[in-house]
Each structure stands twice: as structure tokens, then as C-alpha cells.
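Here is the structure we will look at.
The values are calculated or read from the model by the stated rules, or taken from the named source; none is laboratory data. Quantities reported herein were computed from a predicted structural model and do not represent experimental measurements. Please note: Cβ atoms are built from the backbone with ideal geometry, for glycine as well, and neighbour counts cover all protein chains shown. In case anyone asks, the SASA skips ligands and DNA or RNA and just uses the protein heavy atoms, side chains included. Shrake-Rupley method; radii C 1.70, N 1.55, O 1.52, S 1.80 Å.
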Amino acid sequence: MRTAYSVETVRAAERELMARLPEGALMQRAAAGLAAVCAGLLVRVYGSRIVLLVGPGDNGGDALYAGARLARRGAAVTAVPMDPERMHPGGLAALRAAGGRVEEAVPQRADLVLDGLLGIGGRGGLRPAAAALLERIPPGVPVVAVDLPSGVDADTGEVAGPAVAADVTVTFGAYKPGLLIDPGASRAGVVRLVDIGLELPPPQVEALQHADVAGLLPVPTASSDKYRRGVVGIVAGSAQYPGAAVLAVAGALRGGAGAVRYVGPAAEAVLARYPETLIGPGRVQAWVVGPGLGEGRAGEVADLLAGDVPVLVDADGLRGLDAELLRARTAPTLLTPHAGEAAALLGVSRESVEAGRLGAVRRLAAGYGAAVLLKGSTTLVASGGSAVRVNPTGSSWLATAGSGDVLSGLAGSLLAAGLSGADAGAVAAYLHGLAARLTGGPLLAHQVAEALPTAWRNAAR
């Protein structure tokens with residue numbers, strides 16, 4: 001499990017550790033790890049040209065101490081301060097003692113640039129002086145962010161103005177949510193974690209890895225039959241969108257359920273593609289409702305939510321949801337909106353949801369009393385007071401018609417197999433994204449469904 005922590009939590013853990021260490025020891029640990037990563041990125045350290053963009057706080061101190069280490073190995077290191085009067089004194093002395101220089105302008109030639117401007121304490125985007133330094137970075141030069149790309153909000157991933165776009169981010173002690181959640185995650189590049197010995201509480205954000213997914217995947221036993229494995233019901237499709245039903249059934253059939261039952265007007269299309277499907281009402285362990293449902297069918301959604309089995313609500317099923325009805329449910333509920341649908345549920349703009357995805361998914365989960373899977377460039381799953389899960393798999397090729405229908409069917413099968421709403425959503429997003437990666441691109445939604453068994457086996461190893 002990859003875990004991430006708020007700035008407040010990380011700062012508290014740092015204070016506790018610093019109280020037990022000699023003065024400056026923690027910064028030296030961070031600088032040593034940073035310098036080691038930078039050295040690994042260079043063809044050779046000796047003779048390389050390294051530029052440090054230095055802010056006034058400890059983030060700038062980390063960059064200066066790392067620069068001093070690289071200078072002692074023969075690199076030509078130049079520090080360019082945002083404010084020359086507020087550079088970290090110990091880091092500056094170390095850099096100068098190692099032969100590094102301080103200049104006002106960014107050199108025109110460099111092999112590597114370190115972003116030590118703001119770090120995790122920055123809020124609200126870069127100030128003009130810092131943004132001006134970024135504009136002078138020579139084109140094509142790799143940029144390493146120190147702890148966090150400057151201009152990214154460490155707690156949310158929000159980017160409120162100009163921000164560094166790093167090739168590599170070296171973060172200290174723990175991942176921060178802003179490194180895992182877009183738009184910040186897209187500016188972090190490859191993230192490398194340096195262990196500095198922090199003792200941390202349970203995380204605020206987490207990302208499943210293969211081993212975590214493998215531990216959650218339902219596996220049939222010798223005594224299993226289709227009902228013990230779970231039957232998922234699909235209420236989807238319409239005269240206008242029969243394909244949504246076919247794709248939701250496709251995802252469900254490949255999601256580990258013992259059987260898939262379809263209820264709706266697209267039965268002929270579903271059976272033509274998947275003759276294994278059961279048609280008509282009957283016994284199920286979970287329902288999926290909404291993909292391609294069209295308008296005027298809110299009563300079907302309400303009837304399913306009034307029952308006592310798990311329900312996944314997607315797409316057209318999300319329109320006009322009664323939050324009070326959902327909060328009163330005792331069986332698991334999983335909502336799977338994209339940003340526009342989430343905005344409608346929250347009564348805000350789509351832009352505000354996309355800019356603050358973490359806050360949006362938390363508000364939805366709390367307000368509707370349900371697990372919520374917020375789809376997008378970074379898919380997030382929230383449920384109650386638990387850590388928000390960030391999906392680490394996926395591909396930009398998934399931005400194609402019908403891929404969300406496949407995801408809904410897949411997650412519904414996992415609900416029917418007995419997983420909680422949050423687990424079903426997180427595992428489904430992981431397998432869905434992994435299937436897209438295995439397929440490559442351009443891809444069609446049905447290809448994602450077809451790749452799910454391979455993704456399942458890949459994760460279960």
C-alpha cells in the first residue's frame with residue numbers, strides 16, 4: 001500500500017523526530033537522499049552543471065545541502081535564490097564551502113535543475129518572483145522537485161496558478177496527497193520516496209498495489225456455485241443507448257460474479273453478444289443501475305435503493321438522487337460519478353470539482369452516506385472517515401465512450417461477491433486501469449472488458 005499524509009501530520013512527525021536527533025540531522029538525511037537520486041539521473045556527476053532554484057525556507061535548505069554534496073563530487077553547482085537575503089544560512093555555507101556559486105540569473109546551460117522554491121508549505125501557486133525563475137530554465141533540461149513541485153498544494157493536489165512541472169520529485173518521509181492526485185500528480189513526474197525515519201499514524205490517502213488487490217479479489221472454492229459467487233443485476237440501457245447495457249454486462253461477466261442478470265429494454269442486444277446472461281427480475285446479491293438509462297426512469301433507481309442489497313449507481317441513475325434515502329440505507333451503496341455528475345450532486349461547477357477532486361469526493365461520501373468513486377484522470381474512492389483511495393493504474397486512452405459502463409459492471413460484480421463499496425470501487429478501478437494499460441491505445445470500451453481477465457491474473461500473482 002502506498003500511503004500519503006497531510007502536511008500537518010508530516011510536520012508533527014518531523015518535530016517528534018527532530019527532538020530526538022542532533023540539530024540539522026533530519027535535513028542532512030533528506031539532502032543525502034536527494035543528492036543520491038540526482039546523481040543517478042546524471043550520466044556522471046563530475047563535470048555536470050547543476051542549477052538550484054532556492055526558496056527562503058527549509059525546502060531551499062534541502063536543495064542547498066544536496067547541492068553541496070554534488071559539488072564535492074565534482075559538479076559545477078549554481079544556486080539562484082528567489083530572495084538572496086533569506087537563503088538557508090547553513091545550506092548556503094555548506095554550498096560555498098564545497099565550491100558552489102550563487103548567482104542572480106539562471107544559467108543558460110544546465111544538465112539538471114532542482115526546484116527548491118516552496119515545497120510542502122506553499123499555498124496558492126507561485127509568486128511572480130518564483131514564476132520568473134521557472135521561465136528561465138533552459139528548454140529540455142530535467143527538473144527535480146524537492147519534496148513537492150512548487151506551486152502544487154501538498155494536501156489536495158490543487159494548482160492555483162503557475163507551478164513547476166517536474167520530471168522527478170524526491171519526497172521525504174512520506175508521500176503527500178498532492179503527489180498522487182491530479183492536477184498536482186501530473187506535475188510530479190516520477191516520484192521517489194526517501195525514508196528519513198518518520199513515525200506516522202494511519203494515512204489520510206492511500207493507493208492500492210498489486211498485493212493489496214490480490215488480497216481483496218474474490219476466489220471461488222470447490223463448494224462455490226453461481227449464487228455463492230454472487231449474482232449481479234444490471235438495470236441499464238435504453239432504446240437510445242442499448243450499447244451501455246451490453247458494455248455494463250461485459251464488465252460484470254468478467255468481474256468474478258457467478259452470474260449476471262439483465263433487466264431492461266436492451267435484452268436482445270445483450271443476449272446476442274452474451275448468451276450467458278440471465279434475463280428478467282430475480283435473485284441477485286447486488287444491483288448496478290444507471291448506464292445508458294435515459295430520462296424518466298428515476299422510479300427504477302429509487303425502487304432498487306429501497307431494497308436491502310448493495311447498489312451501484314452510475315450515469316443517468318445519479319440524476320436527482322435523494323441524499324436522505326441513501327443515508328438511510330443499511331446495505332452498501334456505491335456512486336460512480338464523473339466530474340460533471342459530481343458537480344451536479346454537489347451543486348457546484350464542474351471546474352471546481354476538477355480543481356479540488358479530493359475535497360469533492362470527501363464531500364460526496366459524507367453528504368450521501370455512500371462510498372463514492374470519482375472518475376477522472378485520477379480516480380478517487382472515498383467512504384466515511386476512511387482514507388481516500390487513489391487509483392494508481394489507468395491510461396488516457398480510457399477517455400472513450402462506454403469505458404465507464406464497463407467499470408460499473410465490474411464493480412457491481414465485486415459488490416455481489418461481498419466486497420464493501422469502497423473495496424469494490426478501488427479494486428474495480430485498479431483492474432479497469434490495468435486492463436487499459438495492457439490493451440494500449442487507441443482502444444474501445446469492449447477491448448477493456450476483454451482484457452479484464454488478463455488484468456485480474458496479473459494482479460493476483
ask   = With each label point set 7 Å from Cα along the Cα-Cβ vector, what nm distance links residue 1 and residue 319?
value = 3.9 nm
query = In degrees, nearest 10, range 0 to 90: what is the angle between the Cα axis of helix 421-439 and the longest Cα principal axis of the chain?
reply = 80 degrees
remark   = Heavy-atom accessible area of residue 82, protein chains in place, probe 1.4 angstrom, given in Å² to nearest 10, is 50 Å²
ask   = So what J values fall out for region 95-105 if you push phi through Karplus, 6.51 cos²θ - 1.76 cosθ + 1.60 with θ = phi - 60°, rounded to Hz, Gly and Pro as x?
value = 5, 5, 5, 8, x, x, 10, 10, 10, 7, 10
query = Got a number for the accessible area of residue 377? Probe 1.4 Å, square angstrom, nearest 10.
reply = 100 Å²
ask   = Going toward the positive end of the dipole of region 1-119, with +1 on Lys and Arg Cβ and -1 on Asp and Glu Cβ, which of 88, 12, 41 do you reach last?
value = 41
key: In degrees, nearest ten, helix 242-253 long axis to first principal axis of the chain (Cα)   = 80 degrees
DSSP-defined antiparallel bridges as percent of all bridges, the chain, nearest 5 = 15 percent
ask   = At a 1.4 Å probe, what is the % contribution of carbon and sulfur to the accessible area of the chain?
value = 51 percent
request  = Divide by every residue of the chain the summed helix terms, -39500 (n - 2.57) for each DSSP H run of at least 4, and state the resulting mean residue ellipticity at 222 nm, rounded to the nearest 500 deg cm²/dmol.
outcome  = -12000 deg cm²/dmol
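Taking a ≥ b ≥ c as the square roots of the Cα gyration tensor eigenvalues, with a/c under 1.5 meaning rounded and otherwise prolate when a/b beats b/c, else oblate, which class fits region 23-114? Don't skip to the end; give the middle numbers.
On the way: a/c = 1.72, a/b = 1.13, b/c = 1.52.
Note, shape of region 23-114 comes out oblate.
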ask   = Relative to the first principal axis of the alpha-carbon coordinates of the chain, what is the inclination of helix 403-416, with its axis defined by its Cα atoms, in degrees from 0 to 90 and to the nearest 10?
value = 70 degrees
J(HN,Hα) series, region 11-25, from Karplus relation 6.51 cos²θ - 1.76 cosθ + 1.60, nearest Hz, glycine and proline x = 4, 5, 5, 5, 4, 4, 6, 4, 5, 9, 10, x, 4, x, 5
Percent antiparallel among DSSP beta bridges (both partners in region 121-250, rounded to 5) = 10 percent
message = Can you work out the Karplus-derived ³J(HN,Hα) for every residue in region 309-314? Use 6.51 cos²θ - 1.76 cosθ + 1.60 with θ = phi - 60°, whole Hz, and x for glycine or proline.
response = 10, x, 9, 9, 10, 9
note = Under 5 Å from the placed amide H of residue 52, counting only residues 5+ away or on other chains, we find 78, 79, 80, 114
ask   = Cα gyration tensor of region 146-257, axes a ≥ b ≥ c as square roots of the eigenvalues: rounded (a/c below 1.5), prolate (a/b > b/c) or oblate?
value = oblate
inquiry  = Using a 1.4 angstrom probe on the protein heavy atoms only, could you order 169, 379, 221 from most to least accessible area?
reply    = 221, 379, 169
message = Probe radius 1.4 Å, ligands and nucleic acids left out: which of 1, 87 has the largest accessible area, and how do the rest follow?
response = 1, 87
inquiry  = Can you list residues from other chains, or at least 5 along the same chain, whose modelled amide H is less than 5 Å from the amide H of residue 335?
reply    = 313, 371, 372, 373
key: All-pairs Cα distance distribution in region 239-380, expressed in whole percent, bin size 5 Å   = 2, 10, 19, 21, 19, 15, 9, 4, 1
message = Let me cross-check residue 225: its accessible surface, 1.4 Å probe, with only protein heavy atoms counted, in Å² to the nearest 10?
response = 70 Å²
